[in-house]
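The values are calculated or read from the model by the stated rules, or taken from the named source; none is laboratory data. Just so we're clear, the structure is a prediction, and the values are computed from it rather than from any experiment. Neighbour counts are summed over all protein chains in view; Cβ atoms, including those assigned to glycine, are modelled from backbone coordinates with ideal geometry. These area figures cover heavy atoms from the full protein model, side chains too; ligands, DNA and RNA do not enter into them. Shrake-Rupley method; radii C 1.70, N 1.55, O 1.52, S 1.80 Å.
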Amino acid sequence: MPTDIIHPMPAKLSPEEPGSFAAFTLAQRMPAILDGLQAHADASTRQALHQLAAEIPQGCITPLPAAMFGELGQFIAPHCGLRWHEVPFLDVELYFYARILLAFGYTPAIAADPFAAVKFRATQQAIELLAGTPGYSDPARSLTAIIRWAVTSNSADLSQLTAADQNQISLLVDDSQAVADLLHAAPRRIDFVLDNAGLDALADLLLIRALCRKGLRVAAHVRPYPMFVSDLTLPDLEHLLATLAGNPVASIQQLGEELIAAIQSGQLTIHASPALGLPICFCEDRARTAATFGDADLVIFKGDLNYRYFAGDRHWPHTTPRQPFAERFGRPAIALRTLKSEVLVGLSVEAQAQTGQLEPAWLTNGCHGIIQVFSGNCL
């Protein structure tokens, strides 16, 4: 039987904590995101965004329209009447993006995406970069090299106020050999939880193609609606694949055509997964884990937010053992990310000691990454 992760469970991250990344997000990142949206808004939308900005420091959480964002309104309901800083970090982040979508007129029937323009620019720039560095899109490139590029490319996150140099990402955990061993075991199906548009998505698609070329079935998961500025949605991914397939550069075109062929054959499937729009933890919510990942033999969680979805948005001691997470998740998991939040588990005592020599913001500045395996055979 799966063991409990830890008793007592550590507290959830909260904007109430002075000096925390959550507090910084409410004070600076959220207002900056709202400012950046002004140029793409009409007068009524700008007014709604101004009102939202005024609510963050002084206002209270209000109910979301019923069924507008799946079950999210039910998760937010217990927080209604509280100040924003009194709500757990992941909950208030999801509420913030839901309110942005409402300001832009989003409904399930009108899939307005206020972040479409910035994602489009990031994708175009990424394709140009990939076209200019043909070695990256070479189908013969080693799987280990592709995985490492997937980690460093994750530093590109449009919701951050600054971006790290992807050529200067250091790995705090490097389980590359354990990843190779898991993939060599030829799992029947791998689920891949995608993160950002742009360079990050291209690196993920190169990795997915490599897995498909090994004959593996892959199920890719994206957000159910636009959020977190750069996070992929189903329309984003479909547009990206079509853009790649129509690119005049042969290697880029080949990437798009191979992935579209994999979709047409059923080897690759794409899912807009409702759980990825809720403040949940897959290691705590077995029902949603089963509903989301089904019979997957292995799940790859790409990016910082998806790590929080896997492990839980809590104050885990960084040396918390990996085994309880692997047991409760019920199948092996691989985390590929650059660190942009304070959630991190599974560090060795030696690695934890080394972090004491790093810069103060090492957990959140996107300069450090992990290739981390959660599996009974790799702990």
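The relative contact order of the chain, computed from alpha carbon pairs under 8 Å that lie at least 6 residues apart in sequence, is 19 percent.
Taking max minus min of the alpha-carbon positions on each principal axis, the chain gives extents of 54, 51, 40 Å, largest first.
Only helices enter the 222 nm calculation for the chain: every DSSP H run of n ≥ 4 contributes -39,500 (n - 2.57), and dividing by all residues gives -12500 deg cm²/dmol, rounded to 500.
Peptide packing: for 236-247, 328-339, 58-69, the average count of neighbouring Cβ atoms within 10 Å per residue gives the ranking 328-339, 236-247, 58-69, highest mean first. The alpha carbon centroids of region 345-375 and region 2-61 are separated by 25 Å.
Taking the DSSP bridge list for the chain and keeping only pairs wholly inside it, about 30 percent are antiparallel. Annotation for region 22-87: GluC sites (Glu not before Pro) lying in DSSP loop with at most 10 further Cβ atoms inside 10 Å of their Cβ do not exist.
For the chain, modelled as a GNM with alpha-carbon contacts under 10 angstrom, which of Gly215, Gly256, Gly277 fluctuates the most? Of Gly215, Gly256, Gly277, the Gaussian network model singles out Gly215 as fluctuating most. Within the straight-line cut-off of under 17 Å between alpha carbons, the lysines reachable from Lys340 are Lys12, Lys302, sequence neighbours fewer than 8 places apart in one chain being disregarded. Residues considered: Ser265, Ser348, Ser273. Largest GNM mean-square fluctuation over the chain, using C-alpha springs under 10 Å, is found at Ser265. Dipole magnitude for region 118-374: about 440 debye, using +1 per Lys or Arg Cβ and -1 per Asp or Glu Cβ, origin at the Cα centre.
Prolate is the label for region 198-309. Its Cα gyration tensor axes, ordered a ≥ b ≥ c, give a/c of at least 1.5 and a/b above b/c.
Excluding Val151 itself, what net charge comes from residues whose Cβ is under 12 Å from its Cβ, given Lys and Arg +1 and Asp and Glu -1? Result for the neighbourhood of Val151: -3. Relative contact order of region 4-63: 23 percent, from C-alpha pairs under 8 Å at least 6 residues apart in sequence.
Could you tell me whether region 123-266 comes out rounded, prolate or oblate from its Cα gyration tensor? Rule is a ≥ b ≥ c as square roots of the eigenvalues, rounded for a/c under 1.5, then prolate if a/b exceeds b/c, otherwise oblate. Rounded, since a/c falls under 1.5.
Per-residue 3J(HN,Hα) values for region 79-87, derived from phi via the Karplus relation 6.51 cos²θ - 1.76 cosθ + 1.60 with θ = phi - 60°, read 8, 4, x, 7, 5, 4, 6, 8, 9 Hz in sequence order (x marks Gly and Pro). With all protein chains kept in place, the per residue accessible area of the chain amounts to 40 square angstrom at a probe of 1.4 angstrom. With springs only between Cα atoms under 10 Å apart, run a GNM on the chain and tell me which of Leu216, Leu82, Leu194 wobbles the most. Top of the fluctuation ranking is Leu82. The fraction of accessible area contributed by carbon and sulfur in the chain is 55 percent, rounded to a whole number (1.4 Å probe; ligands and nucleic acids excluded).
Pairwise alpha-carbon distances in region 21-104 exceed 19 Å for 35% of all pairs.
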